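K.L.:
Below is the structure I would like to discuss, written out as structure tokens.
Values quoted throughout were computed directly from the atomic coordinates according to the rules given, and no laboratory measurement underlies them. All of these numbers come straight from a predicted model, not from anything done at the bench. Positions of Cβ are generated from backbone atoms using ideal geometry, with glycine treated the same way; all protein chains shown enter the neighbour counts.
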Amino acid sequence: MNIKIPEGLVTSREQTRTGFILFALEKNRRSPPVIESTKSFKILLLNAKAAKSLLKISEIRNALLTVSGLSDKALNYFKDKAVLSLIKKFLEPCRQVFCRRSGL
């Protein structure tokens with residue numbers, strides 16, 4: 001494909017529409033494992049009596065590290081510190097709201 005005029009760079013409405021539809025279909029195809037993982041995470045989370053007890057649930061350790069907000073490189077050095085910081089700064093202060101919304 002050789003572009004000879006500036007209009008050759010313009011994407012038609014139909015091509016744009018098709019691209020968005022294909023993207024949405026692909027997201028839907030990939031979502032079931034993420035949804036199931038989230039459901040499992042919620043069940044394990046609801047079984048925790050206190051925020052610090054989340055540290056003892058090995059199945060959610062990677063998820064806690066991910067939401068701690070540190071880069072992958074930093075997590076090589078600060079795993080425990082990252083999770084403890086997440087618990088102290090966010091999970092413990094939100095405990096009342098979390099309990100109310102989850103029915104605890």
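K.L.:
When the chain is modelled as a GNM with alpha-carbon springs shorter than 10 Å, which of SER58, SER68, SER37 fluctuates the most?
P.N.:
Highest fluctuation of the listed residues: SER58.
K.L.:
Right, something else. Could you tell me how many degrees, from 0 to 90 and to the nearest 10, lie between the Cα long axis of helix 13-46 and the main elongation axis, the longest principal axis, of the Cα atoms of the chain?
P.N.:
That works out to roughly 10 degrees.
K.L.:
How big is the charge dipole of the chain about its Cα centre, in debye rounded to the nearest 20, if each Lys and Arg gets +1 on its Cβ and each Asp and Glu gets -1 on its Cβ?
P.N.:
Magnitude of the dipole: close to 480 debye.
K.L.:
Aspartates and glutamates near LYS56 by alpha-carbon distance under 13 Å, same-chain residues fewer than 8 away left out - which ones?
P.N.:
Hits, sequence-local ones excluded: ASP80.
K.L.:
Do the sum for the chain: with -39,500 (n - 2.57) for every DSSP H run of n ≥ 4, divided by all residues, what is the mean residue ellipticity at 222 nm, to the nearest 500 deg cm²/dmol?
P.N.:
So the helix-based figure for the chain works out to -20500 deg cm²/dmol.
K.L.:
With the cut-off at 22 Å, tell me which of the pairs LYS27/LYS88; LYS49/LYS89; LYS39/LYS79; LYS52/LYS73; LYS49/LYS88; LYS27/LYS89 have Cα atoms farther apart than that.
P.N.:
With Cα atoms farther than 22 Å apart: LYS27/LYS88; LYS39/LYS79; LYS52/LYS73; LYS27/LYS89.
K.L.:
Right, next: Averaging sequence separations of C-alpha pairs under 8 Å and six or more residues apart, then dividing by the length of the range 11-102, give the relative contact order as a whole percent.
P.N.:
The normalised contact order for the range 11-102 reaches 23 percent.
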